[in-house]
Amino acid sequence: MQSSRSQPCSCPSLKLREVASMYFTLVAAFLVILVVALQGSVPRQSYFPYKVPLDPQGLLELSWNVSYPEQAVHFQLLVRELRFGLLFGMSDRGEFENADLAVLWSDGHSSYFGDAWSDAKGQLHMDSQQDYQLLGARRAPEGLYLLFRRAFSTCDPKDYLIEDGTVHLIYGILEKPVHSLQAINVSALHGGLQRVQLLKPNISIPELPSDMKTMEITAPDVVIPSQETTYWCYMAELPEGFPKHHIVMYEPVVTAGNEALVHHMEVFQCTAHFDSFPRYSGPCDSKMKPDRLNYCRHVLAAWAMGAQAFYYPEEAGLAFGGPGSSRYLRLEIHYHNPLVLKGRRDSSGIRLYYTATLRPHDAGIMELGLVYTPVMAIPPGEDSFILTGYCTDKCTQLALPAAGIRIFASQLHTHLAGREVVTVLSRDGRERRVVNADRHYSPHFQEIRMLKEVVAVFPGDELITTCTYNTEDRSRATVGGFGILEEMCVNYVHYYPQTQLELCKSAVDPGYLHRYFNLVNRFNDEEICMCPQESVPQQFYSIPWNSFNRDVLKSLYSFAPISMHCNKSSAVRFPGEWEKQPLPRITERLREPVPHCPPAPQPQPAAPVPIELGRLRR
């Protein structure tokens, strides 16, 4: 048996040099483990699925991915020709004032990266809470890659809250060395803005059918006009006798080199009420454009810069072709050419993926919001005037199937004064959920967006769409209508199964508006002509917009009964009484979401991070 007593150690005694060597080896191993752990939080360089050029020349290219578990966005910024630094960030409407910024700058010898903010005068300040976290910087033959991370919400009052909907990204290029952050003159920068949907939905891609075919609706080698903004219209035709198919997916086709010029694109199907449509390829606002093209308004596909391919759910597809469907399609492309480039040719468009094997359900598109009518108006000089359109319980009870419908995508739409659009689902007088919301909406960035979750709508539910407008730059009232200086408030919801209900919208009762005009006449010194020959717009234009007239109009829209348009695809209303309908009564509102704040970091000095980039060129 072995003795249980401890035996004297036969190991040689450790010398001080050996102890030190073991210590530093352990430290080195710990550092390697730490670096590997830190690199684990950095996405693979190939895994930035979303990409957009920031500037018209394509010198700055942003890629990103979204981590919902981490509640953070990882950015990769490619700078093709680095001078002495750049600014990148976010602001409410794309301004350089009151912006949340990540800044890279150089004094010509040393380079620095830091989280900063700008005040109302555009002066830069280092943020006391450094929430743009630098993950790495590397040079490559194509330029400098800058990797950094930002949480959705930081609870720093100087930071921008990243939320669903449109985000206005801003950028600026430093042409000269600067010795400090405060020395950067924002007004002298070569910069601009780009709009994107940063928080893309994390949804699985459905399996595509084996018999899928493709069709490209593209511009016919157009010479892009040498002006900042152009809407180009082009008419295309489906083959004679084209049978019914389902569109299951579509994606953009952008001519190489024009990625920074093609801003957004839409494909519309024309009404079947006309047997033929004239050929046309030219500016959409040209006097040469045939009037009949205005009857091509049924959206088949819509894409905006930064968007990826759009997939329909496995249960549904968008029908086109066959009896009762027009063969004629209109492609509309918005070219944004701020550098007024000349001679650039373009054949961009949209590629449709379709199948003859029909899915269980036809997808439908329903219009929610306000009717296109001048009775809904916004006074001039308003910073945030609200109008609301209703799809009432009476309409959904009559028009929707017992099993309801499923909304899977949405496209919000206003004209130039629109600043925010929200659609809420209400049931039994209680707001249940947001269908789609864009708190930083821009009329210059409209796309069909897949929802993060499918929204079920049942008979008796209400869909309430609210739009917020800014008319501070206008001197007379803005009325509802089709003109670009008139206004709309629309949510085109994509759903299945398709029903006969194509439009579920409202407007204030005209009789109550007539009473408003009489009231304004009575309490104002200036006469407003109520003559029968005066149109509603003319009556709005003649109102003196004092605080009383503004407040009474707001009050009218908040309590007056409505005219409901519960319309079939034939533009005929469902049977029933739809005039002077009461406003839906909401007894319980949704609570505003509370931003999630990450754990408070250890206090750190508001100091930039040095980056080794070598000497930068002048």
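The values are calculated or read from the model by the stated rules, or taken from the named source; none is laboratory data. Since this is a predicted model, take the numbers as computed values, not measurements. Here the Cβ is made from the backbone with ideal geometry for all residues, glycine too, and neighbour counts use every protein chain on show. Only protein heavy atoms, including side chains, enter the accessible area calculation; ligands, DNA and RNA are left aside. Shrake-Rupley method; radii C 1.70, N 1.55, O 1.52, S 1.80 Å.
Using 0.36 nm per residue and subtracting the Cα-Cα separation, the extra length available between PHE458 and VAL223 on full extension is 79.7 nm.
To the nearest 20 debye, what charge dipole does the chain have about its Cα centre, counting +1 at the Cβ of each Lys and Arg and -1 at the Cβ of each Asp and Glu?
1280
Expressed as a rounded percentage, what relative contact order does the stretch 50-200 have, with Cα pairs under 8 Å and six or more residues apart?
26
Remark: the chain projects, on average over all directions, an area of 42.6 nm² (convex hull of Cα atoms). Within the shell of other residues whose beta carbon sits under 13 angstrom from the beta carbon of GLN308, the net charge comes to +2, with Lys and Arg scored +1 and Asp and Glu -1.
The length gained on full extension between SER110 and ILE205, counted as 0.36 nm times the residue separation minus their Cα-Cα distance, comes to 29.6 nm.
Within the set of other residues whose C-beta is less than 14 Å from the C-beta of VAL52, count the net charge using Lys and Arg as +1 and Asp and Glu as -1. The partial results should precede the final answer.
On the way: positive: LYS51, ARG195, LYS200; negative: ASP55, GLU61, GLU259, GLU447.
Value of the local net charge: -1.
With all projection directions averaged, the alpha carbon convex hull of the stretch 50-200 covers 8.4 nm².
Which GluC sites (Glu not before Pro) in the stretch 163-250 pass both tests, a DSSP loop state and at most 14 other beta-carbon atoms within 10 Å?
Counting only loop positions with at most 14 other Cβ atoms within 10 Å, the GluC sites (Glu not before Pro) in the stretch 163-250 are GLU175, GLU207, GLU228, GLU240.
Full extension of the segment from SER180 to ASP285, taken as 0.36 nm per residue of separation minus the current Cα-Cα distance, would add 33.0 nm.
Can you list the residues of the stretch 462-481 with backbone N under 19 Å from a point 7 Å past the Cα of ASN546, pointing along Cα to Cβ? Once the point is set 7 Å along Cα→Cβ of ASN546, 476-477 turn out to lie under 19 Å by backbone N, inside the stretch 462-481. The alpha carbon centroids of the stretch 287-334 and the stretch 382-406 are separated by 24 Å.
The simple spin-label model puts a point 7 Å past each Cα toward its Cβ; for LEU519 and LEU485 those points are separated by 2.9 nm.
Compared with the dominant principal axis of the Cα atoms in the chain, helix 547-559 is inclined by about 80°.
Take the chain and mark each of the chymotrypsin sites (Phe, Trp or Tyr not before Pro) that is in a DSSP loop with at most 15 other Cβ atoms within 10 Å; the longest unmarked stretch, sites excluded, is 48-273. Relative to the dominant Cα principal axis of the chain, helix 16-40 is inclined by about 10°. When nucleic acids and ligands are ignored and a 1.4 Å probe is applied, MET249 ends up with an accessible area of around 10 Å².
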